[in-house]
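Q: Next up is a structure, given as structure tokens.
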Amino acid sequence: MYRLHCGFIAIVGKTNVGKSSLLNCFIEKKISATSNKCNTTQINILGVYTYLSNQMIFVDTPGFDFNDEKYLINKIFFKSIIYCDIILYVIDPFYWNVYDDKMIKQLKKLNCNIILVINKIDKLNYKFFLLYRMKELYDKYGINNIIPISAIKNFNIDILRKKIIYYLPLRNHFYPVYKKMVIDIKIYISEIIREKLINILKAELSYFLNIDIYNIFLKNNIIIINGYIFINKYSQKNILLGYKGNLIKNISRLSRISIEKYFEKKVFLFLWVKILLK
């Protein structure tokens with residue numbers, strides 16, 4: 001009889017270091033929006049990976065901004081890590097700065113295990129630089145758990161997973177024993193749509209758009225999804241709709257294709273643009 005282990009793992013770090021890509025890599029499904037823009041993740045995405053007796057509950061967090069500690073995303077960030085058992089602090093090997101120093105000092109005050117994850121090593125031309133960076137971080141912070149990875153190339157992910165399992169506390173599983181799962185499917189669908197919005201709209205609109213999936217149902221083996229995209233100003237509506245509604249149609253089409261890949265079923269996706277009343 002296996003002794004059950006289960007724990008919450010927060011994936012944290014500055015914006016655009018590959019946190020969402022790492023979460024997607026663990027779950028082996030795209031459950032969190034990825035983009036080359038900062039602060040793509042606005043809410044905590046929960047994914048579960050169960051391997052034998054070990055259940056890993058992953059929490060993706062918004063990138064932290066030390067320039068505005070009262071900002072909403074920062075509040076969400078702190079709420080997401082306070083009860084976690086393990087923290088994966090993800091960094092870009094090229095961009096370590098004073099904010100990372102501040103964050104490491106804050107995280108070391110928490111009663112949890114910290115694993116420092118150096119992502120994007122596939123972009124390094126000189127591997128000696130990586131060894132230098134790892135030694136520097138160990139000497140400065142005394143962190144033994146430093147693991148270089150590439151989330152995009154799926155490099156060293158198994159090593160990172162084994163290290164996480166090593167630190168999982170002895171605890172009954174919180175969720176049914178499915179190997180991989182997303183906890184809130186509405187959040188998952190919202191993330192897919194928002195990713196398409198960010199990547200298609202570019203700088204034309206703020207990517208802090210609110211998406212509400214208010215209805216999901218199955219009819220004749222077809223998944224029907226209804227949702228709203230909330231905007232802040234009426235002037236943004238024409239930009240979002242595009243000429244003769246072509247832009248919103250393209251966003252819906254690309255989102256539908258991604259959702260169908262996840263569910264492996266035919267999907268009808270209906271999106272409406274509404275002004276967010278304040």
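What follows draws every value from the coordinates through simple rules; no lab data is involved. From a predicted model like this one, the values you see are computed outputs, not experimental measurements. Glycine also receives a Cβ, built like all others from the backbone with ideal geometry; neighbour counts cover every protein chain displayed.
Q: With a cap of 10 neighbouring Cβ atoms within 10 Å, and only residues DSSP puts in a loop, list the trypsin sites (Lys or Arg not before Pro) found in region 84-132. Mind showing how you got there, number by number?
A: Numbers: sites: K102, K105, K108, K109, K120, K123, K127; in loops: K108, K109, K120.
Here the trypsin sites (Lys or Arg not before Pro) that fit, given the DSSP loop and packing criteria, are K109.
Q: If you don't mind, another one. Put a dot 7 Å past each Cα toward the Cβ at V98 and N172; how far apart are the dots in nm?
A: 5.0
Q: Moving on. Between I257 and F230, what is 0.36 nm times their sequence separation minus the Cα-Cα distance? Round to one decimal in nm. All intermediate terms of the calculation are to be shown ahead of the outcome.
A: Working: separation 27, 0.36 × 27 = 9.72 nm, distance 2.18 nm.
Between I257 and F230, full extension yields 7.5 nm more.
Q: Now for a separate question. Taking the Cα atoms of region 184-275, what is the range of coordinates along each of the three principal axes, in descending order and whole Å?
A: Reported extents, whole Å, longest axis first: 39, 21, 19.
Q: Something else: Fewest to most neighbouring Cβ within 10 Å: what's the order for T50, T15? Before the final figure, lay out each step's value.
A: Values: T50 18, T15 15.
Least crowded to most crowded, the residues run T15, T50.
Q: Another question, then. At a Förster distance of 45 Å, what's the computed FRET efficiency of F128 paired with Y51, Cβ-Cβ distance as r, to 0.05? Working shown, then result.
A: On the way: r = 34 Å, r/R0 = 0.76.
Rounded to the nearest 0.05, the efficiency is 0.85.
Q: Fewest Cβ neighbours within 10 Å first, please rank H5, H173 accordingly.
A: On the way: H5 20, H173 15.
Lowest to highest Cβ neighbour count: H173, H5.
Q: For a quick check: sort K249, K186 by the number of other beta carbons within 10 angstrom, fewest at the front.
A: So the residues, fewest neighbours to most, are K249, K186.
Q: Here is a further query. Please go through the residue pairs K102/K196; K14/K109; K108/K140; K14/K261; K233/K261; K135/K163 and name each one whose alpha carbons sit more than 22 Å apart in this structure. The partial results should precede the final answer.
A: Values: K102/K196 33 Å; K14/K109 18 Å; K108/K140 13 Å; K14/K261 30 Å; K233/K261 33 Å; K135/K163 19 Å.
Long pairs (Cα-Cα over 22 Å): K102/K196; K14/K261; K233/K261.
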